[in-house]
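Here's the structure we're looking at; comments come further down.
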Amino acid sequence: MRTQHALALAATLSLLAACSQDQTAATPADAAAVRAPASDPTPSSITLEKIGGFAGGGQGAAEITAFDEVSKRLFVVNGAQGTVDVLDLKDPASPRKLATISVAQFGGSANSVAADNGVVAVAVEATPKTAPGTVAFYRATTLQLISSVQVGALPDMLTFTKSGRLVLVANEGEPSTDYTVDPEGSVSIIDVSNINFPRVTPVSFSAFNGQEASLRSQGVRIFGPGASAAQDFEPEYIAVDDAETTAWVTLQENNALAVIDIPGATVRRIVPLGYKSHAVNALDASDRDGPSINIRTWPVPLFGMYQPDAIAAYAVNGQTYLVTANEGDARDYAAFAEEARVSTLSLDANVFTAALCGGACNANSRLGRLNVTNTLGRSGGVFSALYAFGARSFSIWSADGQLVWDSGDQLERLTTAVPGAPFNAGNNDNALDSRSDNKGPEPEGVTIGRLGDKFYAFIGLERIGGVVVYDVTVPTSPTYVTYVNTRSGLTGDLGPEGVEFVPAVRSPSKEPLVIVGNEVSGTTAIFRVDLQ
C-alpha cells in the first residue's frame, strides 16, 4: 500500500500560510525548460474573475462544456433534457442561447461533448444504457449532423487529440440495476481524418479476463457480482499525451488506471493506484461531531481509495505527468451495494481501540458515520481495516502511474473559510459539516492550463463548489494559487461538473478563460484568468 509520507503536516502548514500571502515564489530552475514557448506571457501568479454566466434551466441543465473557436460557440451538455445547449460566446461576459442539439434519433441522451476546429462530438447513451452507444458529429456553425458511429456501452467522456485527427471515448459499460446485464467496459478510438466517414477501432479489456486473482493481489478492485475483469472495468475519463501515442484512462470504481497504446489499440497494462493512509493525511470523518470542523489524523488502519474521476496530462522537461481529481465513487445498485457506515460494521477490537480513537471508534462523533466499502478489509466478518471512497485531494502521477505528489488534506482545509457556504456543505444543502462523512469537498473535475512557461491545474470541488488553482509547473512541488467559489448559500453556482481551460490564442476575447458547468444549479460560469 502506498501512503503519503512525503506530504504530512509540513505541506498543510505551508498551504495555510499560502492562503494569507501572495504565492509569487520564483519557479525553480529545472522547471523553466518546458515545452515550446506559449503565446501567453509567463505570469508570477493568476486570479480568477467571474465575468459571465448562463442559467440553463435548473438542476442538471449544465454539466460538460466544450468551446469551439471557429464558431465561437460553447456547447453545454444539458443533463436534465439529454440534449446539448448551444451558446453564443463571442462576448464571454454575455453568453446567450442560440439553439439545442437533440440526439433523440440515437435513442438515448447526451452524456458528454467535445469540440475541435468547427466539429462537435457528442457521446450518446443507448436505451437501454447497457446497449452499444453512439458518437455523433455535428458542424459547429450550422449544427448539421455530419456522421455518426457506434461505440461501446454507455459512452461518456470523449476527447479530441491535440492534432484533431482522433477522438477517444470512454465507454463505461455500467451494469443494469439488477446486474443481470453487465456489458464490458471499453475505449473507442475514432479516426476523424475524414469526418464524413469516421472509422472506429475498439480497445477491449478482454485480454485481462482470467487474470482477476492476480490483478486483485496487485490492488486492482474487481468486485462486481460474477463480473470478469472486462465487465468490471468502467472507463471514466481519458488523458492523451502530446505525441498521441499513449492514453491514460481512469477506472474509478476499480481504483486503477489503464494505459492505452493508441497506434496498437491495445491496453498495455492496468496500474493499481494504492491507498492513502489517514494516519498521516487528516480528514473530517463525521457530520455528527458537533457539527464542527474537526480535521484530524486517525492512528488506525483507515485508508482512502484514490478513485479518480477526471484526469489531465501535461509535459515538463520531456516527461509526461498526470493530474487526477480523486473524487471517489461507490457501486450502488438494487442487486449490489458496497457502501456502508462504519457504525454498521463489526470492527476488530484489538485494532480499533478506544485508546487510539479517543473513545469508541464506531461512535458517530468519531468514525461511525464515515462511509466505507464493505468489499475490503474484512476477514471472517470482522473488519481490521477500513477503506473510504476518494482521497479528498488531487494527485500528480508519473507516466507509469507512480505517485509524485498529493495535496493531502489541503482541499478540505480550504473549505473551512468559504464566504458563500459553511465548511463541507453539500451542493444541495447549506449545512455545516454535512459532507464530512462522505468524501468531503469531493474534487471531481480537473484541467491543465498553460500560461507562458507555467502550468496551472484547475480543480472543481463538486460538493462545496468552486475552483481551486495550483501552480503545477514543478510536479514534485505544486503551490497553491487561489480558490474562487461563486455560490451564495443555495444560490449561485452549485455542483461543478466539467472544467475547461481556453487559452488566449483560442479565446473569443483573446484572454484566457476557465469555463465551468455546474450540474446542481444548471449554470455555466465563465471566468477570466487575470495574469499578475
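Quick note: the coordinates plus some simple rules give every number you see, no bench work behind them. Just so we're clear, the structure is a prediction, and the values are computed from it rather than from any experiment. Virtual Cβ from ideal backbone geometry, glycine too; neighbours counted across all protein chains shown.
Relative protection proxy for 333-342, 49-58, 420-429, 186-195, from highest mean packing down: 420-429, 186-195, 49-58, 333-342 (other beta-carbon atoms within 10 angstrom). Here the simple spin-label model places points 7 Å from the Cα toward Cβ, and for E511 and A55 these points are separated by 2.4 nm. Taking a ≥ b ≥ c as the square roots of the eigenvalues of the alpha carbon gyration tensor, the stretch 399-521 is oblate, as a/c is not under 1.5 and a/b does not beat b/c. Using 1/(1 + (r/R0)^6) with R0 = 30 angstrom and r between the beta carbons of S292 and T344, what's the FRET efficiency to the nearest 0.05? With R0 = 30 Å, the Cβ-Cβ based efficiency is 0.80.
Take every pair of alpha-carbon atoms less than 8 Å apart whose residues are at least six positions apart; their mean separation over the length of the stretch 8-531 yields a relative contact order of 16 percent. Coupling constants for the stretch 422-436 follow from the phi torsions by the Karplus curve (6.51 cos²θ - 1.76 cosθ + 1.60, θ = phi - 60°), and in residue order they are x, 3, 6, 5, x, 8, 10, 8, 9, 9, 4, 6, 5, 9, 5 Hz; glycine and proline get x.
Please say if the stretch 475-532 is rounded, prolate or oblate, where rounded means a/c under 1.5 for a ≥ b ≥ c the square roots of the C-alpha gyration tensor eigenvalues, and otherwise the choice is prolate for a/b larger than b/c and oblate otherwise?
oblate
For a paramagnetic label modelled on A243 (point 7 Å from Cα along Cα→Cβ), amide N atoms under 12 Å away belong, within the stretch 311-343, to 318-320.
With the simple model of a label 7 Å out from the Cα in the direction of the Cβ, R165 to R269 spans 2.7 nm. Note on Q211 and T47: their simple-model spin labels are 5.1 nm apart, each label 7 Å out from Cα toward Cβ. Phi-derived couplings, Karplus 6.51 cos²θ - 1.76 cosθ + 1.60 at θ = phi - 60°, listed residue by residue for the stretch 221-233: 7, 10, 8, x, x, x, 7, 6, 4, 5, 6, 7, 6 Hz, with x used for Gly and Pro. Between S94 and L432, the contour length at 0.36 nm per residue exceeds the alpha carbon distance by 118.3 nm. Residue-wise HN-Hα couplings along the stretch 172-188, as the Karplus relation 6.51 cos²θ - 1.76 cosθ + 1.60 with θ = phi - 60° gives them from phi, are 5, x, 5, x, 5, 4, 8, 6, 7, 10, 9, x, 6, x, 7, 10, 10 Hz; Gly and Pro carry x. Lysine pair count for the chain (Cα-Cα distance under 23 Å; residues 8 or more apart in sequence or on different chains): 15.
Ordered by the count of other Cβ atoms within 10 Å of each Cβ, fewest first, V280, V516 give V280, V516. Rg over Rh for the chain works out to 0.95, both radii taken from alpha-carbon positions and Rh defined as the Kirkwood radius. Taking 0.36 nm per residue of separation and subtracting the Cα-Cα distance, full extension of the segment from F197 to S176 would add 4.3 nm. Each helix, a run of at least 4 DSSP H residues, gives -39500 (n - 2.57); summed and divided by the residues of the chain, these come to -1500 deg cm²/dmol at 222 nm. Between the beta carbons of T127 and A337, assuming R0 = 35 Å, the FRET efficiency works out to 0.90 to the nearest 0.05.
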